[in-house]
Amino acid sequence: MHFSLRQIEVFLATAHYENVTQAAQSLAMSQSAASSALQDLEQRFEVQLFDRAGKRVQLNALGKLLRPRAEALMAQARELERSLSQHSEIGELKVGATLTIGNYLAVAIMADFMAEHPGARVSLTVENTAGIASRVRNFELDIGLVEGELQDPVLDVLPWREDELMLFCSPEHPLARRRVLQDSDLLQAQWIVREAGSGTRQAFDRAMHGLLPDLDLRLELQHTEAIKRAVEANLGIGCLSAITLREAIARGSLVALSAPQRHWSRRFYFILHKQKYRSAGVQSWLALCRRHAV
């Protein structure tokens, strides 16, 4: 073999940081050693993988082409290393989830996963759909669980489970006595909604097709709990996944509304990089998520 895994590590770290010094620091090696490893790799194969401008380096076309294959190679090498050292097929798993999934579904799945695989280490990153997709695309996460629909040439987007959005208000809100809303009610209401880029907002905008330009979107907030608190304070009405509202509606701090003339169903999805190696941990996580959806 005419390259080392260390050289591939340096290549990937440099691609990530776009700076050799930062790449070296992340790998606990000197800047000169990192530069030498990168130079040796390029000279060995008579290629150039980066465009260089001062201290900044950026992947060129060839580097971008090779990066996914290098990521897959390193993922396989890390899994082999863990298997040799721990006598286990599953080591570290990096999961990303959108807010609804991360706060209301993923923790229970994580608990079951770690019970099935006691030696596994699972990290969970919670962001909106756009943020999770970006991290999966950049090889920072092994798998994403998202609420929004995506079309991305480098990502596999796989359906997971069904979900339903629900309208809700404070018990003191005038609409609490009506429960079933017409389009005229939706247009007259003041709304507290998720921010653009979130899967919940994407589904809300789709459900409100034809009305959206005329809606009074009073507040746009990034967090589900903040929206619930604002609606409880009677600042407007909201729309979130039904799974986030069960406890509040059961205790009476929020009231469920409906607008049956609108389509509130949506899907949750898995997202994975098409060229990233799918480890035993990823396969096990997918299987467990599907069991939870039944």
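The values are calculated or read from the model by the stated rules, or taken from the named source; none is laboratory data. Being a predicted model, the structure only gives us computed values, none of them experimental. For neighbour counting, all protein chains shown are included, and Cβ atoms are generated from backbone atoms with ideal geometry for every residue, glycine included.
Would you mind telling me which numbered condition in (1) closer than 30 Å to residue 72 by Cα; (2) crowded, with 16+ Cβ neighbours inside 10 Å residue 254 fails?
(1) is the only condition that residue 254 fails.
Give the residue that is surrounded by the most Cβ atoms within 10 Å (Cβ to Cβ), with candidates limited to residues of the range 92-144 that are polar (S, T, N, Q) and more than 9 Å from the chain's Cα centre (by Cα).
Across the range 92-144, the extreme among qualifying residues is 100.
Being acidic (Asp, Glu) and assigned to a loop (DSSP other than H, G, I, E, B), is that true of even one residue in the range 38-48?
Of all residues in the range 38-48, those acidic (Asp, Glu) come to 40, 42, 46.
Now narrow it down to the ones that are assigned to a loop (DSSP other than H, G, I, E, B): 46.
Yes, the range 38-48 has at least one match.
In the range 200-245, which residues are within 18 Å of the chain's Cα centre (by Cα), within 21 Å of residue 261 (Cα to Cα) and not aliphatic (A, V, I, L, M)?
Listed by number, the residues that qualify are 200, 201, 202, 241.
Determine, yes or no, whether residue 197 is under 21 Å from the mean Cα position of the chain (by Cα) and touching a residue at least 24 places away in the same chain (Cβ under 8 Å).
Judged against the criteria, residue 197 is a match.
Among the residues of the range 49-64, is there at least one that is in a helix (DSSP H, G or I) and touching a residue at least 40 places away in the same chain (Cβ under 8 Å)?
Within the range 49-64, one or more residues are in a helix (DSSP H, G or I) and touching a residue at least 40 places away in the same chain (Cβ under 8 Å).
With respect to residue 198, is the statement that it is at pLDDT below 95 and assigned by TED's automatic domain parsing to the domain that holds residue 249 true?
Yes: the conditions hold for residue 198.
Given the conditions (1) at pLDDT below 90; (2) under 17 Å from residue 138 (Cβ atoms), and given that residue 41 satisfies all but one, which numbered condition is not satisfied?
Looking at each condition in turn, residue 41 falls short on (2).
Just give me the residues in the range 171-210 being among the polar types (S, T, N, Q) and surrounded by fewer than 20 Cβ atoms within 10 Å (Cβ to Cβ), in sequence order. Step through it out loud before you land on a result.
Step one: filter the range 171-210 for residues among the polar types (S, T, N, Q), giving 182, 184, 188, 190, 198, 200, 202.
Scanning the range 171-210 gives 182, 184, 188, 190.
When the range 145-163 is examined, which residues are found to be under 18 Å from residue 94 (Cβ atoms) and crowded, with 23+ Cβ neighbours inside 10 Å?
Of everything in the range 145-163, those that are under 18 Å from residue 94 (Cβ atoms) and crowded, with 23+ Cβ neighbours inside 10 Å turn out to be 145, 146.
Hey, could you check the range 273-294 for residues that are touching a Lys or Arg at 6+ places or on another chain (Cβ under 7 Å) and surrounded by fewer than 21 Cβ atoms within 10 Å (Cβ to Cβ) and say which is nearest to residue 94 (Cα to Cα)?
In this case the residue turns out to be 275.
This table checks each residue for (1) within 26 Å of residue 132 (Cβ to Cβ); (2) among the β-branched types (Val, Ile, Thr); (3) touching a Phe, Trp or Tyr at 6+ places or on another chain (Cβ under 9 Å).
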site	(1), (2), (3)
191	yes, no, yes
197	yes, no, no
204	yes, no, yes
210	no, no, no
215	no, no, yes
224	yes, yes, yes
231	yes, yes, yes
238	yes, no, yes
242	yes, no, yes
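Just checking, does the range 38-45 include any residue being within 28 Å of the chain's Cα centre (by Cα) and over 30 Å from residue 226 (Cβ atoms)?
No, the range 38-45 has no match at all.
Is it true that residue 58 is over 24 Å from residue 2 (Cβ atoms), in contact with a helix residue (DSSP H, G or I) (Cβ under 9 Å, 6 or more places away or on another chain) and either surrounded by 14 or more Cβ atoms within 10 Å (Cβ to Cβ) or not assigned by TED's automatic domain parsing to the domain that holds residue 138 (or both)?
On the way: over 24 Å from residue 2 (Cβ atoms): yes; in contact with a helix residue (DSSP H, G or I) (Cβ under 9 Å, 6 or more places away or on another chain): yes; either surrounded by 14 or more Cβ atoms within 10 Å (Cβ to Cβ) or not assigned by TED's automatic domain parsing to the domain that holds residue 138 (or both): yes.
Yes: the conditions hold for residue 58.
Regarding the range 143-153, can at least one residue be identified that is modelled with pLDDT of 95 or more and of a type outside the set (Val, Ile, Thr)?
Within the range 143-153, one or more residues are modelled with pLDDT of 95 or more and of a type outside the set (Val, Ile, Thr).
In this structure, is residue 275 in the same structural domain as residue 171 (by TED's automatic domain parsing), touching a Pro at 6+ places or on another chain (Cβ under 7 Å) and closer than 24 Å to residue 149 by Cβ?
Taking the combined requirement at face value, the residue satisfies it.
Kindly indicate whether any position in the range 34-55 is more than 30 Å from residue 245 (Cα to Cα), among the polar types (S, T, N, Q), surrounded by 16 or more Cβ atoms within 10 Å (Cβ to Cβ) and not assigned by TED's automatic domain parsing to the domain that holds residue 241.
yes
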